[in-house]
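Structure first, then comments.
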Amino acid sequence: MESPTSAASRVDFYGFLDRMRRPEAADLFRSIKSFLTSLSLDEPSAEADGARVQAFFAEMEAAIRGHPLWADATHQEIDHALEGLEKYIMTKLFDRTFAASPEDAAADAEVSDKIGLLQRFVRPHHLDIPKVLNNEASWLIAVKELQKINSFKSPWEKLLCMMSCCQVINNLLLNVSMTNDRTPSGADEFLPILIYITIKANPPQLHSNLKFVQLFRRETKLVSEVEYYLTNLISAKMFIINVNGQSLSMEESEFQKHMESAKLGTQMSVAGPSSPQGLATSTRGLQKQIDAEAGSRFPFMDSETENLTPAELKQLHGLYRKTVTRYTLLSKALRKLSIDEDQLLASVDDS
């Protein structure tokens, strides 16, 4: 698999630019400039822009194939020129076409936030990934490839990151099948691993990157293996958006408990609870809130026992039960987050 930063990739782009600087390419250059100008006059619309860009790519492919500069060019040289054209056009249009709408930003945030929660408790067995396929070294390589996606601006380079990730997974499946004399089960094992890798990676702006590639990668190139990998990554994103207890092989009530615990952990992580300073910071606000609410929520804090009426004693007992219940739930959540309870309480006393 070619890397977005490979010499071949650079040759495509700079070779295209070099030919476009020649006087003989003036007509092609004017066509490109005219297209970019005409597009800039209209309001951005992802789908409409995608259709216009695809039509322009088809028009330019015909023009390049029939142009004197490429008269004796091989099929590969023509393809290199078209790759260079795509990168040039989409780099110019990037700010207009990538994550340009509030809806895209919201969708990206939704996916990223959901993945952030799932990262805290989802493990391979939740996705029915066989232990024989657990390979942290290979998974880490796949994660790193997927996380590179925002380092590039052209659809092809972004797609290469996705494909590199998928091919690492595919190679793992092939190696395990040969080593253990297993029959590869295709998508039944490929997709769950890709979902898990996507959760571990939490790639930036996943929704927008997938949409960008779908709309602006040359349509003639979204076929075969490329189409298979892209479709699977889209399926992984949809799985994450719609995830529930059943999809993770657990009861829905257990899933909701995990999600609530993950939300609590995320909130505490924002304040940096992993260090004593962070604990003090996060608990000082809690202590102030408790102090402020003590008068209304705990009306008997300053009362003497002998002065309480039977009705007040009954009310006090109800408050006691509620407090114990809340403490028990909070204590369980802290243990799941590997936060030492004594350290947390000490940080409040010291603050």
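The values are calculated or read from the model by the stated rules, or taken from the named source; none is laboratory data. No experiment lies behind these values; they were computed from the predicted model shown. Virtual Cβ from ideal backbone geometry, glycine too; neighbours counted across all protein chains shown. Surface areas here come from the heavy atoms of the whole protein model, side chains and all, with no ligands, DNA or RNA. Shrake-Rupley method; radii C 1.70, N 1.55, O 1.52, S 1.80 Å.
Summary of computed values
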read-out: Cα shape, the range 125-239, gyration tensor, a/c 1.5 rule; value: prolate
read-out: Accessible surface of residue 59 - all protein chains present, 1.4 Å probe, nearest 10 Å²; value: 110
read-out: For residue 115, net neighbour charge (Lys/Arg +1, Asp/Glu -1) across residues whose Cβ lies under 14 Å away; value: +2
read-out: Segment residue 110-residue 178, extension gain: residue separation times 0.36 nm, minus the distance between their alpha carbons; value: 20.5 nm
read-out: 220, 328, ranked by accessible area, largest first (probe 1.4 Å); value: 220, 328
read-out: The range 1-125 shape via C-alpha gyration tensor axes, a/c threshold 1.5; value: oblate
